[in-house]
Amino acid sequence: MVLLSGRGEEEAQAAEELLAQVHPGLTVIRSSFFAQNFDEGHFAEEIKAGQLVLPVGEVVEPFIDIDDIADLAVAALTEDGHAGQIYEVTGPRLLTFAEAVAEIAAAAGRPIEFVQVAPEDYADAARSQGLPDELVDFLIYLFTTVLDGRNAHVTDGIERGLGRKPGDFADYVRKTAATGVWNA
């Protein structure tokens, strides 16, 4: 069994421990923030509109390509040697959200701005757009607690599990920009 979990999330690690009691050979993949969050869902719409607004400041994050996570999960399910392992997986370098948006803007060939807002303002705006309170609370937790710097380091999880380096954010951006998803 393979469990995708979150890095630096105490609640997720408590769930891992409970599941490991039932499945002692559990393989855990603790992931950093997905690169694909920038081209799917709400982030993509904002980026298309030219401005990503988030309640996160200068914290750095080692964004990971979900293709690396998928490759590791497949390996853990189909190859020996992964049972009982905990892999913390990250991309190979640290970026602020502003730096990530700047790389996206360069690849898309147009201006895209990152705007930092206070968590309260973000929550108010999210609620005014109809997001349920539970989701707003989770997003605020994510942006103010999980992204507080506790995960501001790269790990070797992809290398340990797959024997290769993880994909770089720049590779993800180049590949994704070619699809036109960020064009206005």
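For the reader, a short list of remarks on this structure follows.
- Relative contact order (%) - criterion: Cα under 8 Å, at least six apart; region: segment 13-165: 32
- When the solvent-accessible area of segment 37-135 is split by element, carbon and sulfur atoms take up 51 percent of it, the probe being 1.4 Å.
- Oblate is the label for the chain. Its Cα gyration tensor axes, ordered a ≥ b ≥ c, give a/c of at least 1.5 and b/c at or above a/b.
- Candidates E58, E46, E17, ranked by Gaussian network fluctuation over the chain, Cα under 10 Å, top entry: E17
- Calculated FRET efficiency for the pair A98/D168, C-beta based, R₀ 22 Å, to 0.05: 0.80
- In degrees, nearest ten, helix 119-128 long axis to first principal axis of the chain (Cα): 80
- Prolate/oblate/rounded call for segment 79-152, Cα gyration tensor, a/c under 1.5 rounded: oblate
- Among beta bridges that DSSP assigns inside segment 1-130, antiparallel share in %, nearest 5: 5
The values are calculated or read from the model by the stated rules, or taken from the named source; none is laboratory data. These numbers come from a predicted model, not from an experiment. A quick note on method: Cβ atoms are made from the backbone with ideal geometry, for glycine too, and the neighbour counts reach across all protein chains shown. The area values use the complete protein model at the heavy-atom level, side chains included, leaving out ligands, DNA and RNA. Shrake-Rupley method; radii C 1.70, N 1.55, O 1.52, S 1.80 Å.
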